[in-house]
Amino acid sequence: MEKKEVYILAIESSCDDTSAAVLQNDEVLSNIIANQEVHSKYGGVVPELASRAHQQNIVPVVQQAIEQAGITKQDLSAIAFTRGPGLMGSLLVGTSFAKSLALGLNIPLIDVNHMQAHILAHFIKEDDCKIPPFPFICLTISGGHTQIVKITNHFEMEVLGETIDDAVGEAYDKSAKILGLPYPGGPLVDKYAQQGNPKAFSFTQPKVGDLEFSFSGLKTQILYFIQKNVRENPDFIKENLVDICASIQYTIVEILMKKIKNAVKQTGIKNIAIAGGVSANSEIRKRLNEADKHWGWNTYIPKFQYTTDNAAMIGIAGYLKFLNNNYSDISIAAKARLKVTE
């Protein structure tokens, strides 16, 4: 008997990107993302503006995803959507739309944990991508999260360590703001860092547990360092921008690599993956690739388009849940705070 194709429509609206994707089994047919430019002038995401923009974007984005996939609504097997974590107003737009469409088409509804989806993006089938074998350790790094997670199977995850205060993505963006760079500043710090000397300035690393992270002290240290030097030389940032960025990036990546090494030592697991928006960072990718050779790790790095918030990762999580008949009731509610293990 011929295997029936499964078509999943996925919707992601956890923060400020409205995204829809169509997956045929574990392959991506379309992955549309509408960015919200409105936040750049405020230096960060404004929740009320984000939810309004989602309401404007969701219908055209979903329509475009279905058209680009070359299918019709009637071909869909299920609707997957981000339940949380994220901004409540943003999540409600995606949740309500997904419920209405699933009801209208009389097909299953599948809720997806956004943080699990970042990790499961590694299981999207692509010609040139390796899929991590179980068990593996995943460093999940984004604007809202910094965690080391042990993955035993697709939906059995255990947090080994996490940040006790701020996330790594926030440390990047706040550092960029201190330097007067526009929002989102993390990618700009990475860009300038590639031209600078990582040992030009030194910042101390926080003293916390072996698998814990802390970035609030580092942010304060960078702020005081910049303020002191700008008082002495008003052109300090302009004259040293690439070296400052390189030194900040070096410190952050050193912290991340040290924690992964500790996790490998404690678990004996040498399959290492990264996920989340900050996994697009060039230095962390480079250092992980080098770790393959230096320490005999097997490292798994997602494609750039699956690192930031996107619906394809929601789709692969939805597909894996669909195979287990793990559907959601129509009464399911969006949840702003959701642990990766929920």
For this session: First select every other residue whose beta carbon is under 12 angstrom from the beta carbon of GLU342; then total the charges, Lys and Arg +1, Asp and Glu -1.
Result: +3
Problem set entry | Angle between the chain longest axis and helix 88-105 axis [Cα atoms, degrees, rounded to 10] | 20
Problem set entry | Hits among aspartates and glutamates - C-alpha to C-alpha of LYS270 under 14 Å, sequence gap 8 or more where chains match | GLU290, ASP292
Exercise. Quick one: accessible area per residue over the chain, 1.4 Å probe, rounded to a whole number of Å²?
Worked result: 45
For this session: Quick one: which residues, 5+ away or cross-chain, put their amide H under 5 Å from the amide H of LEU160? H built at 1.01 Å from N.
Result: ILE148, VAL149, LYS150
Exercise. Which residue, chosen from GLY196, SER214, ILE148, occupies the Cα position most advanced towards the positive end of the dipole of segment 137-217, where the dipole is computed from +1 (Lys, Arg) and -1 (Asp, Glu) charges on Cβ about the Cα centre?
Worked result: GLY196
Problem set entry | Accessible-area value, GLU290, 1.4 Å probe, nucleic acids and ligands omitted, Å² | 60
For this session: Using only the alpha carbon atoms of segment 151-246, find the Kirkwood hydrodynamic radius as the inverse mean reciprocal pair distance, in angstroms to one decimal.
Result: 14.8
Exercise. Sorted by packing (mean other beta-carbon atoms within 10 Å per residue), highest first, where do 274-282, 112-120, 171-179, 66-74 land?
Worked result: 112-120, 274-282, 171-179, 66-74
Exercise. In whole percent, how big is the carbon plus sulfur part of the accessible area of the chain, probe 1.4 Å, protein atoms only?
Worked result: 50
Exercise. From the backbone phi of segment 5-16, what are the Karplus-calculated ³J(HN,Hα) couplings (6.51 cos²θ - 1.76 cosθ + 1.60, θ = phi - 60°) in whole Hz, Gly and Pro given as x?
Worked result: 6, 9, 10, 10, 9, 10, 10, 10, 8, 7, 9, 10
Problem set entry | the chain: relative contact order in percent, alpha carbon pairs under 8 Å with at least 6 residues between | 25
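The values are calculated or read from the model by the stated rules, or taken from the named source; none is laboratory data. Just so you know, these numbers come straight off a predicted model, no measurement behind them. Because the Cβ atoms are built from the backbone with ideal geometry, glycine has one as well, and the counts that use them run over all protein chains shown. Ligands, DNA and RNA are excluded from the accessible area calculation, which covers all protein heavy atoms including side chains. Shrake-Rupley method; radii C 1.70, N 1.55, O 1.52, S 1.80 Å.
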